[in-house]
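Quick notes on the structure that follows.
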Amino acid sequence: MAVNVKEMMNEKKSNQHLLRILEKVAPVFFLLCAIISVLTTIGIILTLLVETITFFNRVSFVEFITGTEWWPFGENASYGILPLISGTLLITVIAMIVAIPIGLASAIYLSEFAPPKVRKVVKPVLEVLAGIPTIVYGFFALTFVTPMLQIAIDDLPIFNALSPGIVVGIMIIPMIASLSEDAMSSVPNSIREGALAMGSTRLEVALKVIVPAALSGIIASFVLGVSRAIGETMIVSVAAGSTPKLTTDVTESIQTMTGYIVQVTLGDASYGSTTYYSIYAVGMTLFVFTLIMNLLSQYISRRFKEDY
Amino acid sequence: MQAASESKHVSILNTNEPDKEETKTIYAVDNFNLWYGDNQALYDVKMDIPMNKVTAIIGPSGCGKSTFIKALNRLVELVPSVKMSGSIKYDDKDIFSPKYKVEDLRTNVGMVFQNPNPFPKSIYENVIYGPKTHGIKKKKVLDEIAEKSLKGAALWDEVKDRLHENAFGLSGGQQQRLCIARCLAIEPDVILMDEPTSALDPISTTKIEELVQNLKKDYSIAIVTHNMQQAARISDKTAFFLNGEVIEYSNTDKLFSNPDDKRTEDYITGRFG
């Protein structure tokens, strides 16, 4: 039986009216979906802003950003956010000290040295690690890492900055490793061959050619890591304690911005109280921090992007 | 690198006679076979590559010419499934001997690739990459090397005012000459070229061909090309590869005017390939 292609194509044309409507409606539908996320973002920022303004009607902005004491409860409440910021930064610094070297080294291994078989296994494992719920990491910090650290450090309190800092770092390793590995793998092979043909060893090729070539992606992964460490909530809520303190001592109990928000939303403050509104001000501060980090990461990857 | 270039000079001194017809062999390939997995790509290749001459390797696509040239600096080993037998001697030393460091070989044998592959760095950084990697740190020395190498690659006049700009800003032909300059910077004895002009326009091609002519005074050059006119124009000796075998290897004049083998004649007269 001969197939009449023209005829069959014409059959489809008979539905043309419906198709034309679909052709017009579909983009509108897609646009609506895209608008939802934009509107949500705007909504969240507006809520934050309105409640933050309410907070600053009651507490002076200068006190908020310069005060060194955070004690939002009771009669003599004081709202200086620096202790929460220092707690957050302490966790972030510890986390990055753990995550950057290990993440980058893993990425270099996977991209430049691992046999294809090893890579096929290790990369998915890394991605699974990235999918573990953070509350699990939190208990890992509290029930495993802290007791281990207590063996090494005398008088280490059960709640301290070091343990959750390390675990936040462990949580970020897969992200840095995976993103950096992507950046290094996208450096074309011809560049590797060129460097090897100059008598470079594989280590020299990796460190002097591939890492610099992929630097924009690598640094962007670091910045995103910092952003995640700043925003990390469960691990610090579980294991860092709830003592806002302007300190650089990693063995002390501290509180981060996220940890404070969790503490208050768990029911420590009644609706409408200054304490209640303070979480919005803290949330706003947190948002500004992570926004800056994300913009920085985008800027870096755009500014230093290499076109091969 | 030092040892090899010294021995080269010594051997030149030792020959003493001004006998220009006599040329030393830099590469001696004997009974060389190569497989990618189960597919044999090269069969019993035997050829000597002379010192300070241009040796062209021609043949149709897939004949093994690129594989062969990449075996000469062992870059072919990057393919995980590759297997080899037979011997390749560079400067009388077996390059596959466990005692022979592959990095030393590649320091003495530079390579220019089919597509220009500058590093994503500045022009200057590209040229001094090799010397820097091999331990030269002094800025003044590196500057001198950069200038000398870029002059050697006939690129200096075009880039001297923008040495610190990114190499990707150069045209394809300039990038390829930059890769040659990068190669010259570590003063190799041999330069392998794998179809260096196939991605370039005719004017850039002419420039590279002239460059090759100038370079052969100081370097031994092996060049793979699918362009027979190019082989005829620039080479002293030519090898014709077909299906992984060397069909004919002789002086370029003879190969193109009076080939011994019927298949060579068919190829160079354009009957196939």
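The values are calculated or read from the model by the stated rules, or taken from the named source; none is laboratory data. Quantities reported herein were computed from a predicted structural model and do not represent experimental measurements. A quick note on method: Cβ atoms are made from the backbone with ideal geometry, for glycine too, and the neighbour counts reach across all protein chains shown.
Keeping to the range B:130-150, report how many residues are more than 14 Å from chain A (Cβ to nearest Cβ), surrounded by fewer than 20 Cβ atoms within 10 Å (Cβ to Cβ) and among the aliphatic types (A, V, I, L, M).
Kept after step one, since they are more than 14 Å from chain A (Cβ to nearest Cβ), are these residues of the range B:130-150: B:138-144, B:146-148, B:150.
Add one more test, that the residue is surrounded by fewer than 20 Cβ atoms within 10 Å (Cβ to Cβ), and what stays is B:138-144, B:147-148.
Then keep just the ones that are among the aliphatic types (A, V, I, L, M); that gives B:141-142.
Total meeting the criteria: 2.
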message = Given the criteria assigned to a helix (DSSP H, G or I) and in contact with a Lys or Arg (Cβ under 6 Å, 6 or more places away or on another chain), does A:Leu110 qualify?
response = yes
query = Across the range B:29-78, which residue is surrounded by the fewest Cβ atoms within 10 Å (Cβ to Cβ) among those that are touching a Lys or Arg at 6+ places or on another chain (Cβ under 9 Å) and assigned to a loop (DSSP other than H, G, I, E, B)?
reply = B:Gly37
request  = Could you please let me know if B:Asn117 is closer than 15 Å to B:Gln174 by Cα, within 14 Å of chain A (Cβ to nearest Cβ), in a loop (DSSP other than H, G, I, E, B) and touching a helix residue (DSSP H, G or I) at 6+ places or on another chain (Cβ under 8 Å)?
outcome  = yes
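Sort through A:Ala195, A:Ala229, A:Ala214 and tell me the only one that's in contact with a Phe, Trp or Tyr (Cβ under 9 Å, 6 or more places away or on another chain), assigned by TED's automatic domain parsing to the domain that holds A:Ala141 and not basic (Lys, Arg). Even if it seems obvious, please write down each step before you answer.
Details: A:Ala229 fails: in contact with a Phe, Trp or Tyr (Cβ under 9 Å, 6 or more places away or on another chain); A:Ala214 fails: in contact with a Phe, Trp or Tyr (Cβ under 9 Å, 6 or more places away or on another chain).
None of the other options fit; the residue is A:Ala195.
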key: Condition broken by A:Met198, with the remaining ones in (1) in a helix (DSSP H, G or I); (2) within 14 Å of another protein chain (Cβ to nearest Cβ) satisfied   = (1)
request  = Kindly list the number of the only condition in (1) in contact (Cβ under 8 Å) with a residue 60 or more places away in the chain; (2) in contact with a Phe, Trp or Tyr (Cβ under 7 Å, 6 or more places away or on another chain); (3) not aliphatic (A, V, I, L, M) that fails for A:Phe304.
outcome  = (2)
request  = Please state which of the following conditions B:Val127 fails to meet, knowing it meets all the rest: (1) out of contact with any strand residue (DSSP E or B) (no Cβ under 7 Å at 6 or more places or on another chain); (2) more than 9 Å from every other protein chain (Cβ to nearest Cβ); (3) within 28 Å of B:His226 (Cβ to Cβ); (4) in contact (Cβ under 8 Å) with a residue 40 or more places away in the chain.
outcome  = (3)
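For the range B:152-161, check the following and say yes or no: at least one residue is more than 26 Å from A:Val187 (Cβ to Cβ), within 19 Å of the chain's Cα centre (by Cα) and either within 13 Å of chain A (Cβ to nearest Cβ) or in a helix (DSSP H, G or I) (or both).
Keep residues of the range B:152-161 that are more than 26 Å from A:Val187 (Cβ to Cβ), which gives B:152, B:154, B:156-158, B:160-161.
Among the residues that remain, those that are also within 19 Å of the chain's Cα centre (by Cα) are: B:152, B:154.
Going one step further and asking which of them are either within 13 Å of chain A (Cβ to nearest Cβ) or in a helix (DSSP H, G or I) (or both), we end up with B:152.
Checked against the condition, which is being more than 26 Å from A:Val187 (Cβ to Cβ), within 19 Å of the chain's Cα centre (by Cα) and either within 13 Å of chain A (Cβ to nearest Cβ) or in a helix (DSSP H, G or I) (or both), the range B:152-161 yields at least one hit.
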inquiry  = Just to verify a result, which residue in the range B:92-111, among those that are among the acidic types (Asp, Glu) and not in a loop (DSSP other than H, G, I, E, B), is farthest from the other protein chains (Cβ to nearest Cβ)?
reply    = B:Asp94
